[in-house]
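For reference, the structure discussed in these notes is given below.
The values are calculated or read from the model by the stated rules, or taken from the named source; none is laboratory data. Since the structure is predicted, the reported quantities are computational estimates derived from the model, not experimental observations. Cβ placement follows ideal geometry from the backbone for every residue including glycine, while neighbour counts extend to all protein chains displayed. Side chains are part of the model used for accessible areas, which takes the heavy atoms of the whole protein and leaves out ligands, DNA and RNA. Shrake-Rupley method; radii C 1.70, N 1.55, O 1.52, S 1.80 Å.
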Amino acid sequence: SAAPAPAAPSSLARMLPVVAGLLLAVAAGSRGSAAAAAAGAQESPPGSRFVCTSLPLEAAGTGCPLPPVPMQGGALPPEEELKATVLQLRETVLQQKETIGSQREAIRELTGKLSRCEGADGKSATGTWKKELGKGKDTMGDLPRDPAQVIDQLSRTIQTLKDRLESLEHQLRANVSYAALPSDLREMLQRRLGDLERQLLSKVAELEDEKSLLHNETSAHRQKTETALNALLERVSELEKGNSAFKSPDEFKVSLPLRTNYLYGKIKKTLPELYAFTVCLWLRSSASPGIGTPFSYAVPGQANEIVLIEWGNNPIELLINDKVAQLPLFVSDGKWHHICITWTTRDGMWEAFQDGEKLGTGENLAPWHPIKPGGVLILGQEQDTVGGRFDATQAFVGEMSQFNIWDRVLKAEDIMNIANCSTNMPGNIIPWVDNNVDVFGGATKWPVETCEERLLDL
C-alpha cells in the first residue's frame, strides 16, 4: 500500500525507490522483483513509499503490463521518463542474468572435462569448483549480490580452470608413459597390440603351412627326379648292352628291301636356294639291272630338280633341273660304298667321288641355274610329282646311311677324310640324324655297321 505525500518530489527523488527495489531484487535472486518494482512505479502517486515483494516472472508478465515508450520528440513527462528508465534497468538486469547463465554453463562444461582429466589422481573437481565459486558457503545456487563481483569471480574461476588444463597437458607431454595414459587410451593400445599379436600368429601359421607344402612338393619333385634318373640309368645300361636301335643319332641306316612304289624314306627338312652343293652318302645295293634312285629332290614345276638314278642298263646319272650328266660310278656289287657328288652353278661344273677318290668331273650341267627352295627330298624313289607318283622300276633296293648335304663344294681332302672314317662332318643343310628321317611303306631303320666295318666291306 502507499500513502499520499503533501508535495510532488523531483524526477530523481521519484527514481530512488525504484532503483532501490531493483537492487533488492538482484540481491534476493528473484526473477520477478524488477517487474514488481515497475508495477509500483506505475500505479502509486508521487511521493509514495514502496514495499517490494518478489513476484514470479509469469505474474510480472501478466499482472503488470508495461505501456509502450513514447517515440515522440521533445521533453517527456516525469511519469514517462520514469517508466523509460525502469525499462532500461530491467533490460540491463535481464541481459546480465543471461550472461551469467551462459557463463555458468561454460564453467560446468569445463569443470566436467577437468574432472575426467583429474579422475586418475583422485581429485574432486566438483568440490574445488564449489569452494571457489561459493568460497565454502552454501549459497543454494544464489550468486553474489554485486554483478561486477560475480563477473570478476567468474573470470578468475575460468582462468584457474585454464591454468589447471595447461598444467595437465604439460604434465602429459613431460611424462609420456604407459601408466600415465588415460584408461581409454590404454585400452585402445591393448586392443591394438592384441590385434597385432593375432596377425603375427596368423602369419607364422601361414608360413608353417607353406613350409610344410614346400617340403611335400620338394619330396615329390625329388622322387620324380630319382625316378627319371633311374630310367635314364636303365636306358644307358641297355645302350651299353647293345639292345638299343642306335648308338648315336647318326648311327642308323634305312633299309629298302623290295622294289616297290611304296617303300621310301622322307627327309623332314627342305633345301634353301642353293648355288652349289655337295651330297655324300653310304649305300649298298645288289639289285640289277641298275640300283634305282638313291634320292630325288622335286619342287613345284620341276620334278627333276636334283636326281641321282641308275635305271636299267644305263650308267648312274645326275639330273639338275632335268639336265643330265653321266657319272663314272660303279656301286651295284652288293658292297658298301661311299659316294660324293659336287656341283656349282658356275659353268655347271660337277665332280664324282667313290670311296674317297675322284672318278670323274664335267661342266655345263644346268649352268647358272640356282637350286630352287621349298621342295621335297625323298630317299629310294624317283618323283614324277612333288612327293609322289613313284615308279617301282626306278625304286632303290638296298640300304643307305650317312646322307648329308652341304651348301658348298667340299675339298677333295675333306671328302677323303669322310670316306676313310678319319673325320665326322655332318651336312650343314641336311645332316643325317634320326629325327630328321621318316620311313614309309615298310621301310625300316636299323643299327648301321661302324665306319670301319664298312671300310672292310670294300
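On average, how much accessible surface per residue is there in the range 252-456, in Å², for a 1.4 Å probe, leaving out ligands, DNA and RNA? Write out the running numbers ahead of the final one.
Details: 8560 Å² over 205 residues.
For the range 252-456, the solvent-accessible area averages 42 Å² per residue.
Computed FRET efficiency, Cβ-Cβ of residue 286 and residue 228, R0 51 Å: what is it to the nearest 0.05?
The formula returns an efficiency of 0.70 here.
Run the dipole for the range 252-456 about the Cα centre, Lys and Arg Cβ at +1, Asp and Glu Cβ at -1, nothing else charged, and hand back the magnitude in debye, nearest 20.
On the way: 16 positive and 23 negative charges, 79 e Å.
That gives a dipole near 380 debye.
For the range 186-243, treating each Cα as an identical point scatterer without solvent, what Debye log10 I(q)/I(0) comes out at q = 0.12, 0.25 1/Å?
Each listed q corresponds, in turn, to -0.56, -0.92.
Within the range 186-243, what whole-number % of the accessible surface is contributed by carbon and sulfur, with the 1.4 Å probe and all protein chains included in the calculation?
Numbers: 3050 of 5440 Å².
Carbon plus sulfur share of accessible area: 56 percent.
Given 0.36 nm per residue, what is the gain on full extension from residue 411 to residue 185 after removing their alpha carbon distance, in nm?
Numbers: separation 226, 0.36 × 226 = 81.36 nm, distance 9.48 nm.
Between residue 411 and residue 185, full extension yields an extra 71.9 nm.
In nanometres, what is the gap between the two model label sites at residue 385 and residue 116, each 7 Å from Cα along Cα-to-Cβ?
10.0
At what distance in nm do the modelled label points of residue 102 and residue 273 sit from each other, each positioned 7 Å from its Cα along Cα→Cβ?
Once both label points are built, they end up 10.2 nm from each other.
I'd like the distance between the alpha-carbon centres of the range 214-228 and the range 303-362, rounded to an integer number of Å.
Answer, in whole Å: 57.
Evaluate the Debye formula for the range 252-456 with equal point scatterers sitting on the alpha carbons, no solvent, and hand back log10 of I(q)/I(0) at q = 0.10, 0.14, 0.15, 0.19 Å⁻¹, in q order, two decimals.
Result of the Debye calculation: -0.36, -0.75, -0.88, -1.57.
Please get the size of the charge dipole for the range 186-243, origin at its Cα centre, with Cβ charges of +1 on Lys and Arg and -1 on Asp and Glu, quoted in debye to the nearest 20. Present the calculation step by step, with values, prior to reporting the outcome.
On the way: 10 positive and 12 negative charges, 52 e Å.
So the magnitude is around 240 debye.
Based on C-alpha coordinates, I'd like the Rg and Dmax of the range 373-451, in Å.
Over the range 373-451's Cα set, Rg and Dmax evaluate to 14.7, 40 Å.
How do the peptides 345-351, 93-99, 277-283 rank, highest first, by the average count of neighbouring beta carbon atoms within 10 Å per residue?
On the way: 345-351: 16.9, 93-99: 13.9, 277-283: 22.7.
The most tightly packed comes first, giving 277-283, 345-351, 93-99.
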